[in-house]
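See below for the structure under consideration.
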Amino acid sequence: MTINGVMRTAASGMAAQGYRLATVADNIANTSTTGYKRASTEFSSLVVEASRSDYVSGGVETDIRYAISQSGVLAYTDSGTDLAINGEGFFVVADPSGQPFLTRAGSFELTAEGTLVNAAGYTLMGYNLENGTAPVLVNGFAGLEVINIGTLPLVATPSTEGTLYLNLPAAADIVAPGDLPSLNLATSDFTAKSSIVAHDNLGTEVVLDVYFTKTADETWEVSVYDQGDADAGGDFPYSSAALVTTTLTFDAVSGQLDTGSPISIPVPNGQSLVIDMSQSTQLDIDYAVLEGQVNGNPASDVANVTIAADGTVNAVYDNGQVVATHIIPIATVPGVDFLDPVSGNVFSAGQYSGDVVVGFAGTTGLGTVVAGALEQSNADLANELTTMIEAQRSYTVNTRVFQTGADLLDVLVNLVR
């Protein structure tokens, strides 16, 4: 044994406990950091080769480990863009230069530009669904882009389908053939009229006047006009012919509709509007509209963003329309705990972690996306304080060994005096 060796061993022990205290300090500082994964220091002995009759003190080596695979508790919030992963996997985010990283820190906010950025400044990435389901490159980040809701255009939804259920009075008078609304004359007569609102391709409202005229027992003519073509009094004659004319027939015994449904109406500057009238009746009561609904919306902007459990990002427009814009992938690696940590609570693939594998939430063992929740740090304050006390005591004892070695050196030096 040499005194210098004793001092070097003690110095090794002090350094090792210093690293241990450093990890404890980081863990305590980040007990409130979303998605933080605690670090720990593991020790192994360093043995210096010697004979059986001699002992040469070695030292201690340290290995810093990260509990990345250990999930934290989910804390629920009132923000729909706060995201957590229930199960295995990581979000893919990009730094300002576009470099992709992995993270569990899902405290995303929608910026003025329309991107989703977390507290560390990393931007959420996903696959664009503009052309349908996006292909996934299993072992890389190709095809991913920064999710940007701000670039979405205003959207108008043309009307394509609707329902119009009504009762036509069985006791109504039959209108003469020369006075039918389909003739579009100033003298046109009809039994009942209702108007419905549709939207064209630009989102403009188109009011459709629907005339119901009894032409024979159990037989009714239906004529549909564009209200914008009506005369100054809002009536016949219209400046253009009927958009469509068809016939409804009813069962004489039950009063239920036999034929004539659905009706296809060519909306001006719009789509073909298919109206279901199958629940209409001809009973001996007054004319009554039982139900009237038409889809389609005027032009509107994005008002909100929602995120589904499978990672689908939905843009919610002012008019209530929901459009799927992106899907958030879930990435992982074979050796999760060997990922390399990077500032901002993100990770990159390392030498021992293996290559990144990308998939979708809820598939092949990957977790699901939880909107309105954040994963808490997995550092336990009580355990960290206990470790800190242990490291402090061990560090103090190592300093005593070092001091003892220094005192022995002083004794040796004094022998030559």
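The values are calculated or read from the model by the stated rules, or taken from the named source; none is laboratory data. Since we're looking at a predicted model, the values are computed, not measured. Glycine gets a Cβ as well: all are built from the backbone with ideal geometry, and neighbour counts include every protein chain shown.
Conditions (1) over 30 Å from residue 308 (Cα atoms); (2) outside the structural domain of residue 383 (by TED's automatic domain parsing); (3) modelled with pLDDT of 85 or more; (4) of a type in the set (Ser, Thr, Tyr), marked per residue:
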site	(1), (2), (3), (4)
14	yes, no, yes, no
23	yes, no, yes, yes
27	yes, no, yes, no
54	yes, no, no, no
78	no, yes, yes, no
83	no, yes, yes, no
86	no, yes, yes, no
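Which residue, of 311, 260, 296, is over 38 Å from the mean Cα position of the chain (by Cα) and on the phi > 0 side of the Ramachandran plot? Before you say what the answer is, go through the steps one by one.
Values: 311 fails: over 38 Å from the mean Cα position of the chain (by Cα); 296 fails: over 38 Å from the mean Cα position of the chain (by Cα).
None of the other options fit; the residue is 260.
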(Q) Against the condition hydroxyl-bearing (Ser, Thr, Tyr) and within 37 Å of the chain's Cα centre (by Cα), how does residue 191 come out, does it pass? (A) no
Q. Residue 309 versus (1) in contact (Cβ under 8 Å) with a residue 12 or more places away in the chain; (2) outside the structural domain of residue 131 (by TED's automatic domain parsing): which is the lone unmet condition?
A. (2)
Q: Would you mind finding the one in 236, 212 that is part of a loop (DSSP other than H, G, I, E, B), of a type outside the set (D, E, K, R) and buried (at least 16 other Cβ atoms within 10 Å of the Cβ)?
A: 236
Q.
Which residue is nearest to residue 342 (Cα to Cα), if the candidates are limited to the stretch 98-133 and must be surrounded by fewer than 18 Cβ atoms within 10 Å (Cβ to Cβ) and polar (S, T, N, Q)?
A. 99
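For residues that are β-branched (Val, Ile, Thr) and touching a Pro at 6+ places or on another chain (Cβ under 7 Å), scanning just the stretch 205-243, find the one that is farthest from residue 163 (Cα to Cα). Spell out how you get there, then give the answer.
Restricting attention to the stretch 205-243, the residues satisfying the condition of being β-branched (Val, Ile, Thr) are 206-207, 210, 213, 215, 219, 222, 224.
If we keep only those that are touching a Pro at 6+ places or on another chain (Cβ under 7 Å) as well, we get 206, 213.
Numbers: 206: 16, 213: 19 Å.
That would be 213.
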Q. Mind checking whether some residue in the stretch 284-301 is in contact with a Phe, Trp or Tyr (Cβ under 9 Å, 6 or more places away or on another chain) and buried (at least 18 other Cβ atoms within 10 Å of the Cβ)?
A. no
Q: Would you confirm whether any residue within the stretch 18-32 is closer than 23 Å to residue 335 by Cβ, part of a strand (DSSP E or B) and either under 44 Å from the mean Cα position of the chain (by Cα) or among the acidic types (Asp, Glu) (or both)?
A: no
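Working carefully through the options 261, 280, 272, find the one that is hydroxyl-bearing (Ser, Thr, Tyr) and without any contact (Cβ under 8 Å) to a residue 24 or more places away in the chain.
On the way: 280 fails: without any contact (Cβ under 8 Å) to a residue 24 or more places away in the chain; 272 fails: without any contact (Cβ under 8 Å) to a residue 24 or more places away in the chain.
Going through 261, 280, 272 in turn, just one is hydroxyl-bearing (Ser, Thr, Tyr) and without any contact (Cβ under 8 Å) to a residue 24 or more places away in the chain: 261.
If you take the residues of the stretch 61-82 that are of a type in the set (Ser, Thr, Tyr) and in a strand (DSSP E or B), which of them is surrounded by the fewest Cβ atoms within 10 Å (Cβ to Cβ)?
Just the residues of the stretch 61-82 that are of a type in the set (Ser, Thr, Tyr), to begin with: 62, 66, 69, 71, 76-77, 79, 81.
Within this subset, residues satisfying the condition of being in a strand (DSSP E or B) are 62, 66, 76.
Working: 62: 17, 66: 18, 76: 12.
Once the filter is applied, the top-ranked residue is 76.
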Q | Complete set of residues in the stretch 215-233 that are surrounded by fewer than 14 Cβ atoms within 10 Å (Cβ to Cβ) and in a loop (DSSP other than H, G, I, E, B) | A | 217, 231, 232, 233
Q) Which of the residues belonging to the stretch 246-265 are buried (at least 18 other Cβ atoms within 10 Å of the Cβ) and not hydrophobic (A, V, I, L, M, F, W, C)? A) 246, 260, 261
**Q.** Residue ID - surrounded by the most Cβ atoms within 10 Å (Cβ to Cβ), chosen from residues in the stretch 134-155 that are at pLDDT below 85 and among the small types (Gly, Ala, Ser)
**A.** 134
